[in-house]
Amino acid sequence: MPPTETFYEVMRSQGITRRSFMKFCSLTAASLGLAPGMAANIAHAMETKPRTPVLWLHGLECTCCSESFIRSGHPLAKDVVLSMISLDYDDTIMAAAGHQAEAILGEVAAKYKGNYILAVEGNPPLNEDGMYCIVGGKPFVEQLRRVAKDAKAVIAWGSCASWGCVQSAKPNPTRATPVHRVITDKPVINVPGCPPIAEVMTAVLAYMLTFDRLPELDRQGRPKMFYGQRIHDKCYRRPHFDAGQYVEHWDDDSARKGYCLYKMGCKGPTTYNACSTVRWNGGVSFPIGSGHGCLGCSEEGFWDRGSFYDRVTDIRQFGIESNADKVGGTAAAVVGAAVVAHAAVSAVKRARHHGPGEEGGD
Amino acid sequence: MFHVEREVTGVLVGERLPAVYVYQAPVRLWHWVNALCITVLAVTGYLISHPLPTQPGEASGHFLMGYIRFAHFAAAYLFAVGFLGRLYWAFVGNRHSRQIFTPPFADLNWWKEVLFELRWYLFLEKAPKKYLGHNPLAQVGMFFLFTLPSVFMIFTGFALYGEGEGLGSWQSQAFGWLIPLMGGSQAVHSWHHLVMWVMVCFVIIHVYVAIREDIMSRQSIISTMVSGYRMFKD
């Protein structure tokens, strides 16, 4: 593997025709929202720039990110990016195994020092010195720290790597910790979702590989181009929300008419992701399109934020599981009752104080 | 007749007093506009989280939730701008205009007055005192049940509003940092609801106490917020 190898050479050696390559460049430019002329720039970059290797590590996770990724709607994008990655290291899908495979990690890290991208699926559990996730006989957190040390940037795939997801849900017995809390000296790009959308994953990778820079990130480290808006903002059922037309039960007339799922606890209004525009399975549908509310899987701690089916979700701050309106309504009722009681005592006191026959005014 | 008024507490001693101008016109105007805003905000806010029954017909024929949200946002802007104006008035207005922002927590005498008022409300004191502005207990109540919650509601409200306005909007840039800090949009929604109920409790207490004091203490309360003058009954 000569160090001057370009992306284009890698793709051609994988049997991809130039025509297919140009299509991939056009698709990437389009999916990133770039001007049509940018496709040529992408092609030029991929033909001339040395290839940036990607190492793909797996911590505590369910591999749903990989599953999503290899089902990228556009097979070409998948083939191209995947072939670039599998060349190096991805312990779930690469053919090599054992110590030889693990040795690749060290080789790439040494050869491309400071110049490779580390993609992490899942997160490291920190309790018991990281013993809850062992890769090649050692805690995953050690592997993560070692490989991240010389990486140019780190991509945190999915809600596991970005926020912690289900393994960090209360009470988080293994102390599963998101990647950006462990790797603090490198830029970490969060690509949350359980899993993230395939096209979003390939586009983020393609952007970083071709432009050699990080995509613009929001406050929580997510690429703005895909996480800049809520599901709600681009939902095709939004007109029903604004009109005040809601599904009240799963089998009612409103459900059949495709009204807004707000009252069924849809988390679209509080979830940042591209599902309502990019959709899933090659643009076939997304949860709301199939008549079910959004679960908010790309939001931090979505397992611990109350029911998937309540609009006003339960909170636990008061020692009981209840929602804010029940807690608040109870408080208001108690205050109201106290006021009535106080008023009654005041009236009695006043009546006694003035007494019959006495003059008013004290 | 002329009476010396004790500094800070504003408690009055002595016999008959002339009417005193307490609440200046901007404060009174703000009070009533603010009361209207809070009413609209609480009602529309509740309806946003618990929407009315589904409207019949086509979506193109209705904009019910849109109007409810519009009312909420319009009242919210008025509330926020009013609060800023009220804050400004605390600097340029009379000394009573500062009371709801600056309770003198370091003043021991003031705390004694708070205790006295507590005893008065627990029926342990026979006769109430006279105060020019808020009594010290009312000041504590105002500060913790109105002033601080208002700031909280303005901040969380604009943070949530910024989500709809988009990442580049000034609302998102100025207040959006609150959302990750508080654990995500859903959590901010929950807190926004809870503090709404704090303000509902405040309104219940505020209205009750104002009426009760008007009847039972020795000074005017409700009419003062209309005319600006505090009258004393003895």
message = Among (1) under 24 Å from residue B:101 (Cβ atoms); (2) at pLDDT 95 or above, there is one condition residue B:161 misses while meeting the rest; what is its number?
response = (1)
request  = Kindly check whether there is at least one residue in segment B:203-214 that is surrounded by 21 or more Cβ atoms within 10 Å (Cβ to Cβ), more than 9 Å from chain A (Cβ to nearest Cβ) and either among the basic types (Lys, Arg) or closer than 30 Å to residue B:116 by Cα (or both).
outcome  = no
ask   = Give me the pairs: first residue in segment A:25-42 and on the phi < 0 side of the Ramachandran plot, second residue open to solvent by less than 20 Å² (accessible area, probe 1.4 Å) and of a type in the set (Phe, Trp, Tyr), beta-carbon distance under 9 Å, and six or more apart or on different chains, which are they?
value = A:42/A:24
Pick from segment B:215-225, criterion without any contact (Cβ under 8 Å) to a residue 40 or more places away in the chain and among the small types (Gly, Ala, Ser), ranking: surrounded by the fewest Cβ atoms within 10 Å (Cβ to Cβ) = B:223
task = Might you check whether a residue that is open to solvent by less than 50 Å² (accessible area, probe 1.4 Å), more than 9 Å from every other protein chain (Cβ to nearest Cβ), assigned to a helix (DSSP H, G or I) and out of contact with any Pro (no Cβ under 8 Å at 6 or more places or on another chain) occurs anywhere in segment B:62-72?
result = yes
Selected residue (criterion: nearest to residue B:189 (Cα to Cα)) from residues of segment A:285-307 that are open to solvent by less than 50 Å² (accessible area, probe 1.4 Å), in a helix (DSSP H, G or I) and hydrophobic (A, V, I, L, M, F, W, C) = A:302
key: Positions within segment B:185-202 being open to solvent by 30 Å² or more (accessible area, probe 1.4 Å) and free of Cβ contacts under 8 Å to residues at least 24 places away in the same chain, in sequence order   = B:197
message = Against the conditions (1) basic (Lys, Arg); (2) open to solvent by less than 20 Å² (accessible area, probe 1.4 Å); (3) within 8 Å of chain B (Cβ to nearest Cβ), where does residue A:222 fall short? Just the number, please.
response = (3)
task = Could you tell me whether any residue of segment A:311-334 is touching a residue at least 24 places away in the same chain (Cβ under 8 Å), open to solvent by 20 Å² or more (accessible area, probe 1.4 Å) and either on the phi < 0 side of the Ramachandran plot or at the interface with chain B (Cβ under 7 Å from one of its Cβ atoms) (or both)?
result = yes
key: Failed condition for residue B:53, given (1) in a helix (DSSP H, G or I); (2) without any contact (Cβ under 8 Å) to a residue 12 or more places away in the chain; (3) touching a Phe, Trp or Tyr at 6+ places or on another chain (Cβ under 9 Å)   = (1)
message = Just to verify a result, which residue in segment A:335-362, among those that are at pLDDT below 85, at the interface with chain B (Cβ under 9 Å from one of its Cβ atoms) and part of a helix (DSSP H, G or I), is least open to solvent (accessible area, probe 1.4 Å)?
response = A:350
inquiry  = Just to be sure I understand, how many residues within segment A:146-171 are open to solvent by 10 Å² or more (accessible area, probe 1.4 Å), out of contact with any Asp or Glu (no Cβ under 8 Å at 6 or more places or on another chain) and over 14 Å from residue A:121 (Cα atoms)?
reply    = 6
ask   = Would segment A:196-216 turn up any residue that is open to solvent by 20 Å² or more (accessible area, probe 1.4 Å) and free of Cβ contacts under 8 Å to residues at least 40 places away in the same chain?
value = yes
ask   = What helices (runs of 4 or more DSSP H), lying completely within segment B:137-234, carry at least 3 residues that are basic (Lys, Arg) and within 21 Å of residue B:84 (Cβ to Cβ)?
value = none
ask   = residue B:76: more than 14 Å from chain A (Cβ to nearest Cβ) and surrounded by 19 or more Cβ atoms within 10 Å (Cβ to Cβ), yes or no?
value = yes
task = Mind listing whichever residues of segment A:250-284 are part of a loop (DSSP other than H, G, I, E, B) and either more than 11 Å from chain B (Cβ to nearest Cβ) or among the aromatic types (Phe, Trp, Tyr) (or both)?
result = A:250, A:251, A:259, A:261, A:266, A:273, A:274, A:279, A:281, A:282, A:283, A:284
task = Evaluate the following for residue A:192: is it in contact with a Leu (Cβ under 6 Å, 6 or more places away or on another chain), in contact (Cβ under 8 Å) with a residue 60 or more places away in the chain and open to solvent by less than 10 Å² (accessible area, probe 1.4 Å)?
result = no
query = Just for helices (runs of 4 or more DSSP H) wholly inside segment A:1-60: which have at least 1 residues that are more than 27 Å from residue A:114 (Cα to Cα) and among the charged types (D, E, K, R)?
reply = A:18-31
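The values are calculated or read from the model by the stated rules, or taken from the named source; none is laboratory data. Bear in mind that the values here come from a model prediction, so they are computed numbers and not experimental data. Heads up, the Cβs are rebuilt from the backbone with ideal geometry, glycines too, and the neighbour counts pull from every protein chain shown. Heads up: the accessible areas ignore ligands, DNA and RNA and are worked out on the full protein's heavy atoms, side chains in. Shrake-Rupley method; radii C 1.70, N 1.55, O 1.52, S 1.80 Å.
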